[in-house]
Every structure is written in structure tokens, then in C-alpha cells.
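The values are calculated or read from the model by the stated rules, or taken from the named source; none is laboratory data. A quick note: this is a predicted structure, and the numbers were derived from the prediction, not measured. Cβ atoms come from the backbone with ideal geometry, glycine included; neighbour counts cover every protein chain shown. These area figures cover heavy atoms from the full protein model, side chains too; ligands, DNA and RNA do not enter into them. Shrake-Rupley method; radii C 1.70, N 1.55, O 1.52, S 1.80 Å.
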Amino acid sequence: MDEGKQKTAIIIPAYNEENTLGNVLRALAGSRWREIIVVSDGSTDRTARVARQHGAQVVELPVNLGKGGAMKIGSLSTEAEFLLFLDADLVGITKEHVDSLLNPVLQGEADMTVGIFDEGRLSTDLAQRIAPFLSGQRAMHRRVLEEIPDLEKTRYGVEVALSRFAEAHGLRVKAVILKDCSHVMKEEKQGLWKGFTSRMKMYWEIIKSLA
């Protein structure tokens, strides 16, 4: 196995994603990557059990810290030099997508990669074309994550924090097209009203990060 792959961990922050997480982990089954870590971020459903059933390492947080906190805890749970973060509700993710996100960082061509959905679903494609800095599919050297102050407090603003840090420090960021990949909308997972409420909360946390 390539040495770079031995030093790589895939980290998946997940909050109540029992219905979607299995599909992501099945897509990664038998992958060459040494570690797949699911951080169950205060989940009250079967997220942790589903992760274990699919052979992932599991970190269970007793309370919800938000996405930024879960990512930080995930990075502290591995000694891997290179980290790839994936959302737990992806649709259409493949090993080829994983390779395309990781290889530019492993080969020293980029300090960070950002995955952009394409030809997956119109709503998510459009959102990422408008605001690619909000993508949760990112690979980087662990030192990038370690240098961002108060990452654990950013919650859904974590992608804004990552993008701002990269811009402020002149990091080489490469956009990677994830063809036929998308994610499940909150309204689909939680119902129209509850999903809409969750989306508004997410947007508010992002706006706070931008401010």
C-alpha cells in the first residue's frame, strides 16, 4: 500500500444520519484508505450503530458540538497526516471521488481540495456553484486544520472558516468536480417544516461566521 494512503484518514461528522450514513460507508467499503472515522455528534438515533455495522471507527460525542467541533474531535482521533472530510448524507459518492479529492494533496499539488457537485441534483449543484466555499467535501494536510483557531466553535460555519484561512494564508486550493454526486436535503430527511427550520439554523451559523 502506498505510504501516503497509510497516512490518510477519512472523517465523517454525523448528527442523526442513520438513514443516509450507510450508503456513504458502503461506497467506501474495501477502500485502500487505512482509517474511516465516523464522529457521531450527539446523535440520538442509530448513527453510531450503523457506522460500526459498516466497519468504521466510531467516536461518540455525548452532546452535539456542531460540525466544526465534530471535525476537530475526528482529527484528534487519528495520527493520520492527511485528512479527508465527507458529509454523512452524500448520494453517489465513489472511491474515484475520494481519489480525486485526496491525490492533489498527497502529491503536493494542492494544500486543500474542495469538492463541487456536478450533474447530481439541480438544487445542490446550483448551491455549490454559487457558494463553493460551503462544500463539506475537503482534503487537506492535518496541519491546516490544527492552525485554525477556535475551529471547534464554528459549528456549521466551519467551511467558511476553512475557506477564509486558506485565502488569508495563500494556500493552494483546488476545486474538484464530483460528477453525479449530491446530498440529501434537510427537508427530505426531517420533513418540510423541521427541515426548513434546521436549514435556517445552519444558514444563521454560516452568517455568523461570515460576520
* Lys/Arg +1, Asp/Glu -1 at C-beta; the stretch 20-109 dipole; positive extreme among Ala48, Ile73, Ser100 -> Ala48
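What's the extension gain from Lys153 to Asp118 if we count 0.36 nm per residue and subtract their Cα-Cα distance?
Numbers: separation 35, 0.36 × 35 = 12.60 nm, distance 3.04 nm.
Extra length available between Lys153 and Asp118 comes to 9.6 nm.
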* Structure fact -> Between Glu60 and Leu171, the two model label points (7 Å from Cα along the beta-carbon direction) sit apart by a distance in nm of 3.2 nm
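Full-extension gain between Thr94 and Lys179, please, as 0.36 nm times their residue separation minus the C-alpha to C-alpha distance.
Length gained between Thr94 and Lys179: 29.6 nm.
Rolling a 1.4 angstrom probe over the protein heavy atoms, how many square angstrom per residue are accessible across the stretch 23-76?
46 Å²
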* To do: For Glu79 and Arg26, calculate 0.36 nm times their separation in residues minus their Cα-Cα distance, and state this gained length in nm to one decimal.
  => 16.7 nm
